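**Q** The structure is given below, and queries will be raised subsequently.
The values are calculated or read from the model by the stated rules, or taken from the named source; none is laboratory data. These numbers were taken from a predicted model, which means no experiment stands behind them. Cβ atoms come from the backbone with ideal geometry, glycine included; neighbour counts cover every protein chain shown. SASA here: full protein model, heavy atoms, side chains in, ligands and nucleic acids out. Shrake-Rupley method; radii C 1.70, N 1.55, O 1.52, S 1.80 Å.
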Amino acid sequence: MDLSVFVQLLLPGLTTGCVYALVALGFVLCANVSGVVNFAQGEYVMLGGVIGASLLAQGMPLAAAIAGATAAGALLGALQERLTLAPVRAAPDFIQITITLGVAVVLRGVALIAFGKDPLSMPGFSGDGVFEVAGAVLPVQSLWVWGASAALLAAVFLFLMHSDAGRAVRACAINRQAARLMGVDAERLTLLVFALAGASAALAGVVVTPIVLANWDAGIAYGLKGFVGAILGNFRSPVVALAGGLGIGVLESFAAGYVSSGYKDAIVYGVLLAYLLARGGVFVFGRAALLSR
Amino acid sequence: MLQLERVSSGYGRSPVLHEVSLEVGAGEIVALVGANGAGKSTLLNTVMGLVRRTQGSIRLEGRDIGGLATPAIVRTGLAQVPERRQLFGTMSVEENLRMGAYARRGDVAGRLAAQYALFPILAERRRQAAETLSGGEQQMLAIARANMAAPRLLLLDEPSLGLAPLMVVRIMQEVARLRAAGGTVLVVEQNARAVLAIADRGYVMENGRITHSAPAAALLADRSVQDAYLGGAGASSRAAEARIRARRAAILAGR
Ligand SMILES: Nc1ncnc2c1ncn2[C@@H]1O[C@H](COP(=O)(O)OP(=O)(O)OP(=O)(O)O)[C@@H](O)[C@H]1O
Ligand SMILES: [Mg+2]
């Protein structure tokens with residue numbers, strides 16, 4: 001096997017994998033505090049991209065455009081929770097989950113109307129140069145994606161392990177009733193987590209835009225692949241979800257490079273299907289993850 | 001301290017509690033005994049605001065807390081040790097304790113130190129996952145976790161569940177110790193004999209209603225209570241009551 005080809009597939013795979021990993025993490029966190037799989041999760045990546053790119057195009061400084069896109073992700077995540085989930089908290093889970101699918105469609109439609117159907121681009125944060133590793137050539141922007149993802153993951157990890165609110169999120173995931181008994185306000189925590197998930201997905205969306213462009217219909221692919229990562233982690237383990245997201249990015253890139261780009265999605269979903277069949281099916285999974293709370 | 005007046009509550013359309021009145025005075029240990037499904041846990045959960053009160057008043061030191069949400073109720077000074085402990089199994093002992101202080105922060109370090117002093121075994125196991133503790137240790141952790149909220153009144157739901165007889169005595173001694181340290185406790189138990197041995201007063205609940213209410217020793221000696229909850233052992237007599245008092249003194253003295 002040619003090493004430079006291998007590296008040329010592996011590293012870009014890790015770059016998109018970073019985005020999937022952050023989406024997967026958002027899925028896991030939202031599902032654990034609210035009981036709802038938020039299928040609009042991937043749309044926040046798209047929104048981060050299109051909002052960041054158009055703020056920049058309107059003459060905002062880069063840092064302000066990034067901050068604006070991230071803040072918009074947080075705000076929209078919080079609004080989604082308040083407007084579409086909080087009012088139906090008592091409804092069965094599948095209804096709430098269906099609502100998140102509806103929200104995804106609406107966000108996509110609004111993005112199409114507001115930002116147009118053509119992909120938006122952004123220059124690399126530190127120029128459009130490239131660098132070379134082991135014979136492979138990568139855009140310098142990849143370093144921004146890896147750095148931002150690592151920083152976000154570290155922040156999420158610190159939050160979960162070392163803050164009172166983060167500990168409460170984990171407690172809710174383990175035993176909601178007991179967490180309520182400790183005085184945890186699950187409503188407030190859910191709002192917080194939706195805002196955080198929206199912000200981190202949007203930030204991921206801005207930093208990858210110089211590499212992959214931002215398009216109104218890109219969210220669904222991010223969402224599905226992040227969802228696959230979350231499933232690999234059984235909707236419980238943030239760490240496995242992260243690794244799953246990264247792995248899917250790499251798998252997809254290898255599938256495109258070594259097989260054919262036309263088959264990459266088929267291969268990713270084929271692997272998911274095989275995994276689910278081996279573990280007893282998506283329904284057993286969904287129940288185990290969501291009803292055991 | 002806690003006063004329930006004609007409280008009714010239930011789940012959805014099925015009522016469980018029917019006009020329950022009950023009182024716990026400051027510094028008391030009050031026992032609530034009754035068969036499976038009588039509504040004991042429902043009563044504790046209604047007090048904590050987890051189950052909605054449909055009627056009646058729940059007062060803590062005169063203030064009606066019946067309409068408050070659980071976090072606010074915890075902040076007024078109530079904490080519950082739930083049935084089957086409900087620990088956060090994969091979190092460490094110390095993290096469980098910190099969760100106990102979630103709604104009432106401030107001097108968490110001091111309270112942690114106090115709980116470790118009270119239950120030295122927990123200090124030894126502080127980094128261990130809660131689910132790896134023995135049943136007795138888990139019950140101690142559940143009690144310590146509730147104590148972390150610095151409650152004025154502690155609600156205990158079946159602390160003896162699943163424990164060996166010696167450990168049951170140990171846990172009851174801990175409850176007595178809490179009271180000796182100035183605490184007030186309402187404890188629900190299936191093991192009526194064990195709990196009435198340390199309680200001051202007791203209530204008997206049947207089908208969501210309070211049917212008996214008396215000093216603990218009198219309940220232990222009561223014929224109908226014995227038949228229903230103590231396996232019909234012993235005769236109702238002064239001799240039985242004297243035996244009970246002697247046993248109670250032994251447990252409270254830590255023997
Ligand atoms: N979450 C719930 N939803 C609906 N009904 C419930 C719920 N929890 C309890 N019940 C019903 O309420 C009644 C009283 O239950 P509760 O748990 O309060 O009894 P208990 O006295 O604590 O019994 P045990 O000694 O077995 O713990 C039972 O008929 C039970 O089926
Ligand atoms: Mg019960």
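**Q** How many of the residues in the stretch A:114-137 are over 18 Å from A:Val206 (Cα atoms) and within 23 Å of the chain's Cα centre (by Cα)?
**A** Selection size over the stretch A:114-137: 0.
**Q** Additional query: What number of residues in the stretch B:135-165 are among the basic types (Lys, Arg) and open to solvent by 10 Å² or more (accessible area, probe 1.4 Å)?
**A** 1
**Q** Now for a different question. Going through the stretch B:1-21 one residue at a time, which ones are surrounded by fewer than 15 Cβ atoms within 10 Å (Cβ to Cβ) and within 13 Å of ligand 1 (Cβ to nearest atom)?
**A** Those that are surrounded by fewer than 15 Cβ atoms within 10 Å (Cβ to Cβ) and within 13 Å of ligand 1 (Cβ to nearest atom): B:Tyr11, B:Gly12, B:Arg13, B:Ser14.
**Q** In the stretch A:165-192, what count of residues is obtained for those that are in contact with a Phe, Trp or Tyr (Cβ under 9 Å, 6 or more places away or on another chain), of a type outside the set (A, V, I, L, M, F, W, C) and open to solvent by 10 Å² or more (accessible area, probe 1.4 Å)?
**A** Count: 3.
**Q** For the stretch A:36-73, name all the residues that are assigned to a helix (DSSP H, G or I) and either touching an Asp or Glu at 6+ places or on another chain (Cβ under 7 Å) or surrounded by fewer than 19 Cβ atoms within 10 Å (Cβ to Cβ) (or both).
**A** Within the stretch A:36-73, A:Ala57, A:Leu62, A:Ala63, A:Ala64, A:Ala67, A:Ala71 qualify.
**Q** Looking at (1) more than 16 Å from ligand 2 (Cβ to nearest atom); (2) closer than 20 Å to B:Asn45 by Cα, which one does B:Leu161 not meet, given that it meets all the others?
**A** (1)
**Q** Just a yes or no: is a residue in the stretch B:96-110 in contact with a Leu (Cβ under 7 Å, 6 or more places away or on another chain) and within 22 Å of B:Asn45 (Cα to Cα)?
**A** Yes, that holds for at least one residue.
**Q** Within the stretch A:3-13, does at least one residue satisfy the condition of being more than 21 Å from A:Ser253 (Cα to Cα) and either within 13 Å of the chain's Cα centre (by Cα) or open to solvent by less than 10 Å² (accessible area, probe 1.4 Å) (or both)?
**A** Taking every residue of the stretch A:3-13 in turn, none turns out to be more than 21 Å from A:Ser253 (Cα to Cα) and either within 13 Å of the chain's Cα centre (by Cα) or open to solvent by less than 10 Å² (accessible area, probe 1.4 Å) (or both).
**Q** Now a separate question. Taking the stated definitions as given, is A:Leu120 crowded, with 20+ Cβ neighbours inside 10 Å and touching a strand residue (DSSP E or B) at 6+ places or on another chain (Cβ under 6 Å)?
**A** Taking the combined requirement at face value, the residue does not satisfy it.
**Q** Looking at (1) of a type in the set (Val, Ile, Thr); (2) more than 16 Å from ligand 1 (Cβ to nearest atom); (3) open to solvent by less than 10 Å² (accessible area, probe 1.4 Å), which one does B:Thr132 not meet, given that it meets all the others?
**A** Every listed condition holds for B:Thr132 apart from (3).
**Q** Would you mind finding the one in A:Met182, A:Met122 that is more than 19 Å from A:Gly77 (Cβ to Cβ) and away from chain B (no Cβ under 14 Å)?
**A** Residue meeting the stated conditions: A:Met122.
**Q** Identify, from the list A:Gly205, A:Gly223, A:Gly147, A:Gly135, the residue that is buried (at least 18 other Cβ atoms within 10 Å of the Cβ) and either basic (Lys, Arg) or out of contact with any strand residue (DSSP E or B) (no Cβ under 8 Å at 6 or more places or on another chain) (or both).
**A** Criteria check complete, one pass: A:Gly223.
**Q** Could you check the stretch B:195-204 and list, in sequence order, the residues that are surrounded by fewer than 23 Cβ atoms within 10 Å (Cβ to Cβ) and within 16 Å of ligand 2 (Cβ to nearest atom)?
**A** Within the stretch B:195-204, none qualify.
**Q** Now a separate question. Any chance you could count how many residues in the stretch B:148-160 are in contact (Cβ under 8 Å) with a residue 40 or more places away in the chain and under 21 Å from B:Asp200 (Cα atoms)?
**A** 9
**Q** Being more than 14 Å from chain B (Cβ to nearest Cβ) and over 16 Å from the mean Cα position of the chain (by Cα), is that true of even one residue in the stretch A:196-210?
**A** The answer is yes; a qualifying residue exists.
**Q** Conditions: (1) touching a Pro at 6+ places or on another chain (Cβ under 8 Å); (2) open to solvent by 70 Å² or more (accessible area, probe 1.4 Å). A:Leu101 meets all but one. Number of the miss?
**A** So the condition that A:Leu101 fails would be (1).
**Q** When only residues in the stretch B:142-195 that are within 16 Å of ligand 1 (Cβ to nearest atom) and part of a helix (DSSP H, G or I) count, which is nearest to B:Phe88 (Cα to Cα)?
**A** For the stretch B:142-195, the residue satisfying everything is B:Ala142.
**Q** Starting from the stretch B:67-92, keep only residues that are at positive phi, then list their pairs with residues that are within 16 Å of ligand 1 (Cβ to nearest atom) and open to solvent by 30 Å² or more (accessible area, probe 1.4 Å) whose Cβ atoms are within a distance under 8 Å, requiring at least 6 positions of separation or different chains.
**A** Correct list of pairs: B:Arg84/B:Leu161; B:Arg84/B:Gly162; B:Gln86/A:Gln177.
**Q** Tell me which residues, restricted to the stretch B:57-94, are in contact with a strand residue (DSSP E or B) (Cβ under 6 Å, 6 or more places away or on another chain), within 11 Å of chain A (Cβ to nearest Cβ), part of a loop (DSSP other than H, G, I, E, B) and more than 16 Å from ligand 1 (Cβ to nearest atom).
**A** Residue satisfying the conditions is B:Thr90 alone.
**Q** Restricting attention to the stretch B:22-37, report how many residues are surrounded by fewer than 23 Cβ atoms within 10 Å (Cβ to Cβ) and either more than 14 Å from B:Leu4 (Cα to Cα) or within 15 Å of ligand 1 (Cβ to nearest atom) (or both).
**A** Qualifying residue count for the region: 7.
**Q** Continuing with this model, one more query. Could you tell me whether B:Leu186 is among the aliphatic types (A, V, I, L, M) and within 16 Å of ligand 2 (Cβ to nearest atom)?
**A** Yes.
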